[in-house]
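Below: one structure, written as structure tokens.
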Amino acid sequence: MRVMKFGGTSVQNDEAIRRVISIINNRKAKAVIVVSAFATITNKLVEIINCLKKNNYISVKAHLDYIFTKHLDVASKLGLGSDVDNLLNEKRDEIERLTYALNILGEVSPKSTDTILSFGEILSSKIIYHAFLNEGFKIKYVDARDIIRTDANFTEANVIFDTTNELIINNCKDDFENYQLILTAGFIASDENKSTTTLGRGGSDYSAALIASALDAERLEIWTDVNGIMTCDPRIIPQAKLVKMLSYTEASELAYFGAKVLHPKTIYPAVEKQIPVYVLNTFNPENNGSEIINLHGNKKILKAIAFRRGVSVINIQSNKMLGAYGFLSKVFEIFRLNETSVDLITTSEVSISLTIDDNSKLNKIINDLREFATIILLENQAIICIVGEGIKNTSGISARFFQALSDINISMVSIGASEVNISIALAERDLDKSVRLLHKEFFENYIDEEYFSSI
Ligand code: ADP
Ligand code: ASP
Ligand code: MG
């Protein structure tokens, strides 16, 4: 049994959905299929939430018109019939009643935000389930909110693993005796009061990994709109190469530092059960894609460059206190109390530099730190990170890295504790140029064909 997750572009219209059905049909395997909302729909739902906060109900209606016209059109092109139309119209009534009430209140709580966001995956999963049924597949629909249990940290809920594993096993395991396929929605879950929660943007990959882990799947397949994990985001580097094989650590570092192709939490459940993860292209299913496994062997290479925009660098100086017992814990306590996670850290005799990418509590954090330290804040920064097991045991990589960026002003350097990444912070305006320079240095003159391919 395998778990196959199809992202937003992979299910964006009737043609894409037919493609998904043919991919499954060609494989004949038993599978749990996890689907995202149709491409752009979650963003539209976010816009609806923003309009509600501004009491702009006219725009809310316009967005709802767009969303439901789109889904009804896809359902009709797939020939799904009136039952599905009725179901979609019921869902429209539901979200209309909810948004109307929220508009009167003029307030959208994180809990209501998640209920609104969940419509994207609910609509797509229902349509795709009926499309499979229509084609004669033995398929069961499972509501994701019945199998993924989280805390009530709406919009970025934390999974409660024991309960989730139990729910997934109870709701899915035995069904493969009667069904070839189980279909569920990614991204959405519920808390112990049965309120809808979500796992954070891009979270469908994580849903799929949780299901693969609970069911001991033989493989987890992430089907998307590129051939696999590339040496860099192909939107910035069109000549990026496909990385054929990565270790779990390399893939999680890349995801963590901004490679959107995988949600950062995806790898953890797979590693625990040593489930191989494949990143594959729905629009080019014959390509072997990227394989993420426990990789041994040639470790003398770099795999990819990731980057993240919208970062702040905070430099914390305290001549008296830095070496003193308790100083670091005092600093990190402030980040804990402000529920903000730190990404890169470096320390020197007199200062600590660190980066954060969630700026929502930045002012409060700076004020708290200023009570006992001198703070220099750099905003509009970015992080670039090169990743590869080769960093551990190949001399000269750092020298080439810094040589390639010799004209760029670097605000901070960090060699990852996992020893598989070198990361820097720099001004966001220098990001694109620096990424191009690094890609040229490491991936454009020579590539090892065992690990990379040009297609
Ligand atoms: P999905 O909707 O299938 O989940 P996403 O948009 O979340 O797809 O992720 C796929 C996108 O990730 C690609 O279209 C690509 O632009 C981007 N991306 C960023 N970094 C990388 C990388 N290193 N390799 C491949 N794709 C990347
Ligand atoms: N639809 C959600 C999003 O756009 C989740 C996902 O696609 O993984 O963030
Ligand atoms: Mg994604």
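The values are calculated or read from the model by the stated rules, or taken from the named source; none is laboratory data. Just so it is clear, the structure is predicted and the values come from calculations on it, not from any experiment. Positions of Cβ are generated from backbone atoms using ideal geometry, with glycine treated the same way; all protein chains shown enter the neighbour counts. Just so you know, the surface numbers come from the protein's heavy atoms only, side chains and all, with ligands and any DNA or RNA stripped out. Shrake-Rupley method; radii C 1.70, N 1.55, O 1.52, S 1.80 Å.
Per-structure values
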quantity	calculated
Every pair of residues 6+ apart whose Cβ atoms lie under 6 Å, when the first sits in the range 188-217 and is open to solvent by 10 Å² or more (accessible area, probe 1.4 Å) while the second is among the aromatic types (Phe, Trp, Tyr)	none
Out of ASN281, ASN319, ASN294, sole residue that is of a type outside the set (Gly, Ala, Ser) and either within 16 Å of ligand 2 (Cβ to nearest atom) or modelled with pLDDT of 95 or more (or both)	ASN281
The range 223-263, subset among the β-branched types (Val, Ile, Thr), near ligand 1 (Cβ under 6 Å from one of its atoms) and in contact with a Ser or Thr (Cβ under 7 Å, 6 or more places away or on another chain), residue least open to solvent (accessible area, probe 1.4 Å)	ILE229
Yes/no for SER118 being part of a helix (DSSP H, G or I), more than 16 Å from ligand 3 (Cβ to nearest atom), without any contact (Cβ under 8 Å) to a residue 24 or more places away in the chain and closer than 30 Å to ASN284 by Cα	no
Inter-residue pairs, beta-carbon under 9 Å, first farther than 19 Å from SER59 by Cβ and in the range 87-109, second open to solvent by 40 Å² or more (accessible area, probe 1.4 Å), 6+ apart	LEU87/LYS126; LEU87/HIS130; LEU88/LEU72; LEU88/LYS126; ASN89/LEU72; LYS91/LYS126
Count of the range 62-121 residues which are small (Gly, Ala, Ser), surrounded by fewer than 18 Cβ atoms within 10 Å (Cβ to Cβ), within 18 Å of GLU47 (Cβ to Cβ) and at pLDDT 95 or above	2
Given (1) assigned to a strand (DSSP E or B); (2) farther than 18 Å from GLU419 by Cα, index of the condition LEU262 fails	(1)
The range 128-144 residues that are without any contact (Cβ under 8 Å) to a residue 40 or more places away in the chain, paired with ones that are of a type in the set (Val, Ile, Thr) (beta carbon under 7 Å, 6 or more apart)	LEU133/ILE139
Sole exception among (1) of a type in the set (A, V, I, L, M, F, W, C); (2) open to solvent by less than 50 Å² (accessible area, probe 1.4 Å); (3) under 15 Å from ALA209 (Cβ atoms) for PHE161, by number	(2)
Count of the range 122-142 residues which are within 17 Å of VAL84 (Cβ to Cβ), open to solvent by 40 Å² or more (accessible area, probe 1.4 Å) and in a loop (DSSP other than H, G, I, E, B)	2
Condition check for SER398: outside any strand (DSSP E or B) and open to solvent by less than 70 Å² (accessible area, probe 1.4 Å)	yes
Enumeration of residues in the range 188-220 that are over 16 Å from VAL277 (Cα atoms), hydroxyl-bearing (Ser, Thr, Tyr) and within 16 Å of ligand 1 (Cβ to nearest atom)	THR198
Selection count where residues are open to solvent by less than 10 Å² (accessible area, probe 1.4 Å), away from ligand 2 (no atom under 16 Å from the Cβ) and in a helix (DSSP H, G or I), scope the range 1-41	2
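Per-residue answers, yes or no, for (1) within 13 Å of ligand 3 (Cβ to nearest atom); (2) touching a residue at least 12 places away in the same chain (Cβ under 8 Å); (3) farther than 24 Å from ASP174 by Cα:
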position: SER10; (1), (2), (3): yes, yes, yes
position: ASP14; (1), (2), (3): no, yes, yes
position: ILE33; (1), (2), (3): no, yes, no
position: SER36; (1), (2), (3): yes, yes, yes
position: ILE49; (1), (2), (3): no, yes, yes
